[in-house]
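Below: the structure, in structure tokens.
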Amino acid sequence: MRVPRLESPNLRRPMPPGQRYIDTFPIYDITPQRPRFDPATYRFRIWGACEAPLELSWQELEALPRLEVVADFHCVTTWSKRALVWEGIPVRILLERVRPHPEAVQAMAHCLEGYTTNVPLSYLWEEDVLLADKLNGAPLSPEHGAPLRLVVPRLYAWKSAKYLCGLELQTDFLPGFWEERGYHLIGDPWEEQRYWEPLERVRTWWRRVRRVGVERTSP
């Protein structure tokens, strides 16, 4: 069965300030050795501030509905990639299953090698956000985050966490790996939110952009 394709709204927006398109695809990791993936033991979890936490095996993940998303990819270090084609599981269908508490404001992405990054919950509800296991028609390579990469096209690329194994829903803005080292708690490229802002400014931004009235399915 053919996988549906969606063009991310970020394709229709102007280039974020300070960015440039490049032909190469730089690779960044926080450790010299990438984590090993065993499909027999891998588990993906969503837990924290939600009504129905879940844990899925690799086989269960593979059985979920899939989507292709075409999106530009913007790195905080000022380079961008044009129209990458990601394929995977829409995050919103998993959020509908776990039913975040009303006070949940963000998810902390947890990764196999220990990396973390926080993502405001409103961005995760967007239809172009994926748990991706394919890139440009091929299985996702270890260099780009296999087995699973969180892809959030409307934020800088450090929020698109590689080697993903879980999302922890949280009720306040807490920093992840790079956020603790001075990167912005939200990371919107069109607002040029590259580096640290006072927490109250982050909360003000959240109140301005937060998604309300999301229709959710029954359990």
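Values in this text are rule-based calculations from the coordinates and carry no lab data. Bear in mind the structure is a predicted one, so any value in this text is a computation, not a measurement. Counting neighbours? That spans all protein chains shown, and the Cβs are built from the backbone with ideal geometry, glycine included.
Quick rundown of the values:
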quantity	calculated
Computed over region 1-101, Kirkwood Rh from alpha-carbon pairs, angstrom	16.6
In order through region 163-170: 3J(HN,Hα) via Karplus (6.51 cos²θ - 1.76 cosθ + 1.60), integer Hz, x for Gly, Pro	6, 5, 10, x, 10, 9, 7, 10
Net charge contributed by nearby residues that have their C-beta within less than 9 Å of residue 68 (K/R +1, D/E -1)	+2
[x] 50, 41, 35; [y] 41, 40, 35; [z] 54, 42, 26, with the label sought being that of the calculated Cα extents along the principal axes in Å	[y]
Theoretical FRET efficiency, 1/(1+(r/R0)^6), r = Cβ-Cβ of residue 25 and residue 204, R0 30 Å, to 0.05	0.30
Contact order normalised by residue count of the chain, Cα under 8 Å, 6+ apart, percent	22
Region 144-183 and region 101-135: distance between their alpha carbon centers, rounded to Å	6
Positive dipole terminus of region 47-135, leading residue within 50, 121, 80 (C-beta point charges)	80
Relative exposure of 110, 101, judged by other C-beta atoms within 10 Å (fewest first)	101, 110
